[in-house]
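Report on the structure given below.
The values are calculated or read from the model by the stated rules, or taken from the named source; none is laboratory data. Treat the numbers as computed from the prediction; the structure is a model and nothing was measured. Ideal geometry is used to build each Cβ from the backbone, glycine not excepted, and the neighbour counts take in all protein chains shown. Side chains are part of the model used for accessible areas, which takes the heavy atoms of the whole protein and leaves out ligands, DNA and RNA. Shrake-Rupley method; radii C 1.70, N 1.55, O 1.52, S 1.80 Å.
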Amino acid sequence: MLSVRSFAILVVVAVAGWLGPFFIRQKLRLSEYSNPSAAVTGMASQALKFLTVAPRVKHSATVIFVHGLGDTGAGWQPVAEMLARDPQLQHVKWVLPHAPIQPVTANGGMRMPSWFDIYEFGSINAREDETGMLQTVHSLNQLITAEVDAGVPANRIVLGGFSQGAGMTLLTGLTNERRLAGLAVLSGWLPLRNKVKAMLSDHAKKLPVFWGHGEDDPIVGFDKATMSLQFLQQIGIPKVEPEKVLEGGIEFHAYPDLGHSADPQEIAELQTFLQKVIPPSNE
């Protein structure tokens, strides 16, 4: 079980053109903004750069985790390193990509790490940067292809993300021609709702999905998550209990008093999900 003492993470949130730290005592804070100038190692095609956390034993599964607006992969490196110490996850390699730097309209055109442009914050019906989103889908698929080419089967790869990265996780994972091991969605929503039904892969309804969201999220509102969940249910992707997730569907976790961040309970439940969908190989 995850202990708060396992974390020593300081983060800062800056959203919608204003700076405002959100601190909740005795909770892990993983926000949209940490250190955009963090050191970068590695490079994928389409100029995507990334950090990696190496497995501690023979590599047989991979988690690709996609950060939020204004952050870098380094923002999630402490969590990856902590989970890599779990005896049941030591075979996992973590790939933590960095978004390209680009102007964000809703932040007054400020240039920052972003997976796509955001025209306005808040509304689930806001105009969307479809071109930017699909470019990110392509770039994330390049990372998946690189893992498959290196010998990791697609069904041993989990794609996950936080906030903007969680949206890209859903869009990429549910439309992917490959059947992944699962998706991990933290503080996210479903982009391109008007088009995603036609884009769904044949195996989307059988894909295990972990979805966690804070009920007090002021950035990606809890209602935005629940409306996305309801839409997915309407198009045939079921909501399931955690013990049934391996059969396919979304295990949805609501966290009272949690804002736009993750806390130890959510990370512990994510940890349990990963143990189920990418257990140690029998080889």
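Observations
- Within segment 237-283, considering residues that are within 24 Å of Asp217 (Cα to Cα) and hydroxyl-bearing (Ser, Thr, Tyr), the one most open to solvent (accessible area, probe 1.4 Å): Thr272
- Remark: Ala74 falls outside the filter, which requires a residue to be at pLDDT below 95 and either among the aliphatic types (A, V, I, L, M) or part of a helix (DSSP H, G or I) (or both).
- Single match in Ala181, Ala166 (criterion: open to solvent by less than 10 Å² (accessible area, probe 1.4 Å), in contact (Cβ under 8 Å) with a residue 40 or more places away in the chain and over 8 Å from the mean Cα position of the chain (by Cα)): Ala181
- Residues in segment 84-93 that are outside any loop (DSSP other than H, G, I, E, B) and open to solvent by 10 Å² or more (accessible area, probe 1.4 Å): Lys93 only.
- Residues (among the hydroxyl-bearing types (Ser, Thr, Tyr) and open to solvent by 70 Å² or more (accessible area, probe 1.4 Å)) located in segment 97-132: Thr105, Thr131
- Criterion violated by Gly151 - all others in (1) over 18 Å from the mean Cα position of the chain (by Cα); (2) on the phi > 0 side of the Ramachandran plot; (3) in contact (Cβ under 8 Å) with a residue 12 or more places away in the chain satisfied: (3)
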